[in-house]
Every structure is written in C-alpha cells, then in structure tokens.
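Undergrad: First the structure, which I've put down as structure tokens, then a few questions once you've had a look.
The values are calculated or read from the model by the stated rules, or taken from the named source; none is laboratory data. Quick caveat, the model's predicted, so the values are computed rather than measured. Ideal geometry is used to build each Cβ from the backbone, glycine not excepted, and the neighbour counts take in all protein chains shown.
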DNA sequence: CAGCAGGCTGAACACGTGTTTAATCTGGTG
DNA sequence: CACCAGATTAAACACGTGTTCAGCCTGCTG
C-alpha cells in the first residue's frame, strides 16, 4: 500500500509542454513527442509512426526527420516520461508520506498520461520499466524505514528484499489487473486505477494489517531451511540474489 | 504463496502429443502446434508464421493450410495449453495442498513450456490469461477455505476479494519480475522461476506470516470508511480481537 | 494399373511497416 | 533583393508480414 502511495506521488505531474528538457528545439518536435507518449500509452508501442504522425497533424517523414527513427522516438518518450516522474517527485515530496491514499488518488486524473505510459512499459519491459521500478523501490525504502522507525510497520528479516517484493507486488498486481481487464476508456486512467483500488484495497490492507497465516511456522521453517539470513554469510544453494541498486 | 503452490500444481503437465483434442488429424498438425506453443512462449506472440514453420521443419503455407490463419493457430495453442492445464490439475489434485512448495518446484522443468506460454499470455492479456487466472482463483478459493478451516490461515473480512487479490498478486508479481528481468535462457523457465523464488520467497512468506503493519488501525479505518463490509459482520466500532502474532 | 484426395511446397501477391529522397515552402539574414 | 538553412511534405523504396495459388508428391482406393 505504501507502494501505491509512492506511485501516486511519483506520478503527480502533467505532461504539458514545458521548456524543461534538454532540446527545447521547436514546438512541433514536442507536439510529436507528446502525441507519441499519449498514443503509446493508449495503444501500446506497436503503434505505427503513421498513426502518431496523424495524431500530431504531421507527415510521417517529419517524425523521422525530428527523431531519426521510431526507436529513437520511443527513447525520447521514455526520457521525457522519466523526467516528468522525477520532477513530480520533487514537487510532491512528503505529501503522501502519511498514508492518506484516497485523497491522493482523487487527483489521479492530472497525471493519467504518464501513468498509462508507465503501465504499458511495465507490460513491455525495457528501460523505463526498470528505471521506474528502481525509483519506486528507492522511495519505498525510505518510506518503509520511516514507518518502521515510527512503529507503524514491523521490522523485517531482510528489509531490502521486503521493499523490493512489496514494490514489485503492488506494481505487478496493478499491471496484471489492467492487462486482464483493460479499461473501456483508456484515456481515463484515473477511473481505472480507482476501480482497481475499489476492488483490491480491502484485501490488500487486510493482508498488510493482519497477515494471512495464523502462525509463524512456515516462515521459521524457511529461515531454518536457508540457515543463513542475509545478516550472515552464505552457504550451499540459493543462487545469491544480490540486491544491486544504484542509479538514483 | 498458496497461489504459487496452486500455479505449480496447475501446470505439472508436459506438452507431449496426445490424441486428446477434437481433431486428431495428423501428427504434423500437432508438431506445428507444439512448435508454435514453444516459440510463442520463448519469443512472444509477435513471432512470424515463417519462424514457427521453420521450427517445425515445414513450409509457412502448410501452417496456414492446417490452421487457416495465424490467429486461428494462436487460438489453437491457447486451447491446447488450457487443456493441458486442466488435465494436469486433475493429476496433481491435492498434491500441493500441504504447502511443500519447494518439492513441487523441483519438478518445475517438466511443465516449463506451458508456464512460459502462460506468462506470455499474462503479459499480452487475452482469453488464456483470463481463463487461467480464473482457474487459479477458483482453485485458490478451495485451498484457502480448507486452510481457514484447518486453522492455518486467518479468516478474512471478504474471502472472495482476498482470494482474487492474492492470486492476482502472486501472478502479477511473477509476471512483472520476469518482464523486468527476462531470463537469458528462455528455455529454462524452471530455473527462472526458481531464481524468482530465491529472491522473493522470504519477504512473501514473511508478509503472509506476520503482516506488514503493527496495528489494525488502517484496516479498521477503512472498514469504517466503507461502512458496509460484505459479510455484514462488525460494522461500527469494537474492531475485532487484536491479532498480533505470537509464537505457538 | 488409373485416379484421386490430401499433405505439402515454392513462388507470388497484397499490404503495412520504417525509412529515404527529392522537392517545396518559409522565415530570417547578408 | 538574393540566399540559404531548416521545417515540411508527397512519393517512392526496401522489406517483412500473413496469405493465396498452382502444382508437385504420396499413399490409398477402385
């Protein structure tokens, strides 16, 4: 749940054309890029250059002229979306640290295009997906540390692994739910996410609040089985899942 | 975790050519279908008919001759995989009810192709994905009911929503993890899943065993917020006996 | 044996794709 | 004005795709 809070705050930015990014060349280039982001989010990365060009009211050749290739356009969109995420993170720093998830979600409509694009990336895999997930893990690490320190969250045997799992779980669940039940109106990602939460928020928070099993036995059995909690050395099997995270 | 057990048992079948399905026409048709399943699992549903034909040692025209179109071939693969899942479910009924997840996973290699195909379907969305998830939810419902009755799992405010969430969460996490970190050898799905579990089993079971939050407050707040829990049980205050886990 | 249905194929077709090319238009500068 | 760099485009190119077509081969039946 902290992960969804995190995600919400991480995306609270609109995609209005601002002279922030590097190029700042012409307005047409930005218009094409914005159309591409929107179209990619709505119809996936298989969308043809011709369709994007039509959306932007421009010839296909101009798209290539400005970006060099479709892959380069895709990369430019990735960069733009990622930059928007980072920017919005700065703006919404600390807003959602508490846990008033619903209030944050009420404003979800503002950043719908970015969210749609990210979900599409999560389904397709690739650099945005990885970078986005790493960003969220990094943030969740901070939130979780604070929550543990404040006595809100329980400590974990392996804090790092837990943060990674919780983040992956939240995003994966959302992504799968959207894949299985695609919204009739891909424009309104806000409504979609709200629908998702309406169905899954209760079981999610229940699991987080009280767990699922009645005893710690399975956990302790597993801890005994691996016999080397991450605080110590390692031994036989368990192919050493090291948690490498850098890249802020 | 019960979901992963469920999934494991649900897939313990190989894709050997059996005269089970309707047609039972020629062996070549089945060979093409099997090659398609394998190739779709390995490289996604965008794979060209020519590639599949080459895999099966056959001309592209023959593929169309036998299945009519690529979409029809896709549908045939879906049906075949789904049938294999149902069949294997019958065979492995009750084997994994206990929870010896690791033993089941040791045999994961047998049903690797089916698993790969299902994961690809989960990423792409579509009928197999939906049907597969619904199957797994149905099974998980049974497992969970037994677990609750046996005192292994805690009861839920909304059993149905919990089963749906837990299943979606398990599958979504696996799917996302595989998307973000695609295996270098797509053949060996078994190794991939084992790697996934090596990294995420501990935090998953820890979450299931002890939860994440220290108090029920957020849950109770939410229950108060919606003010109509589906079971019609506790409504206003008096938030059920606290369920802090103690060692048995 | 003749004949024929069906598995099977190489070559082609129609089409959509990303990209290139040559040309036009436009706006600013000497 | 002449000129030029850049934005912009229509048309074409090269290619990969799913699919079709006409014919070959094979094995079975009369």
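Rundown of residues vs (1) within 18 Å of residue B:196 (Cβ to Cβ); (2) at pLDDT below 90, yes/no style:
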{"residue": "B:106", "(1), (2)": "yes, yes"}
{"residue": "B:114", "(1), (2)": "yes, yes"}
{"residue": "B:143", "(1), (2)": "no, yes"}
{"residue": "B:146", "(1), (2)": "no, yes"}
{"residue": "B:175", "(1), (2)": "yes, no"}
{"residue": "B:180", "(1), (2)": "yes, no"}
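Undergrad: Search the range B:38-62 for residues that are free of Cβ contacts under 8 Å to residues at least 40 places away in the same chain and pair each with any residue that is assigned to a loop (DSSP other than H, G, I, E, B) when their beta-carbon atoms are under 7 Å apart and the residues are at least 6 apart or on different chains.
TA: That search, which allows pairs on different chains as well, returns B:39/B:47; B:53/B:59.
Undergrad: Let me ask something else about it. Look at residue A:191 and say whether it is part of a helix (DSSP H, G or I) and in contact with a helix residue (DSSP H, G or I) (Cβ under 7 Å, 6 or more places away or on another chain).
TA: Criteria not met by residue A:191.
Undergrad: Applying the selection to the range B:121-151, what residues are within 10 Å of chain A (Cβ to nearest Cβ) and either on the phi > 0 side of the Ramachandran plot or touching a residue at least 40 places away in the same chain (Cβ under 8 Å) (or both)?
TA: If the condition is that a residue be within 10 Å of chain A (Cβ to nearest Cβ) and either on the phi > 0 side of the Ramachandran plot or touching a residue at least 40 places away in the same chain (Cβ under 8 Å) (or both), then B:121, B:122, B:123, B:124, B:125, B:126, B:132, B:144, B:147, B:151 are the ones that fit.
Undergrad: Something else now. So which residues in the range B:145-164 are within 18 Å of the chain's Cα centre (by Cα) and surrounded by fewer than 24 Cβ atoms within 10 Å (Cβ to Cβ), if there are any at all? Don't jump to the end; show me each part of the working.
TA: Within the range B:145-164, the first condition is being within 18 Å of the chain's Cα centre (by Cα), and the residues that meet it are B:160-164.
If the condition is that a residue be within 18 Å of the chain's Cα centre (by Cα) and surrounded by fewer than 24 Cβ atoms within 10 Å (Cβ to Cβ), then B:160, B:161, B:164 are the ones that fit.
Undergrad: Something else now. Given the conditions (1) farther than 18 Å from residue A:211 by Cα; (2) modelled with pLDDT of 85 or more; (3) surrounded by 15 or more Cβ atoms within 10 Å (Cβ to Cβ), which single one is not true for residue B:167?
TA: Failing condition for residue B:167: (1).
Undergrad: May I pose another question? Return the residues of the range A:41-63 that are surrounded by 15 or more Cβ atoms within 10 Å (Cβ to Cβ) and away from DNA strand C (no atom under 11 Å from the Cβ); say none if nothing qualifies.
TA: Once the filter is applied, which keeps residues that are surrounded by 15 or more Cβ atoms within 10 Å (Cβ to Cβ) and away from DNA strand C (no atom under 11 Å from the Cβ), the range A:41-63 yields A:41, A:42, A:55, A:56, A:58.
Undergrad: Any idea which of (1) within 11 Å of DNA strand D (Cβ to nearest atom); (2) surrounded by fewer than 18 Cβ atoms within 10 Å (Cβ to Cβ) is the one residue B:66 doesn't satisfy?
TA: (2)
Undergrad: Looking at residue B:100, is it more than 14 Å from chain A (Cβ to nearest Cβ), at pLDDT below 95 and away from DNA strand C (no atom under 16 Å from the Cβ)?
TA: Considered against the rule, which asks whether it is more than 14 Å from chain A (Cβ to nearest Cβ), at pLDDT below 95 and away from DNA strand C (no atom under 16 Å from the Cβ), residue B:100 comes out as no.
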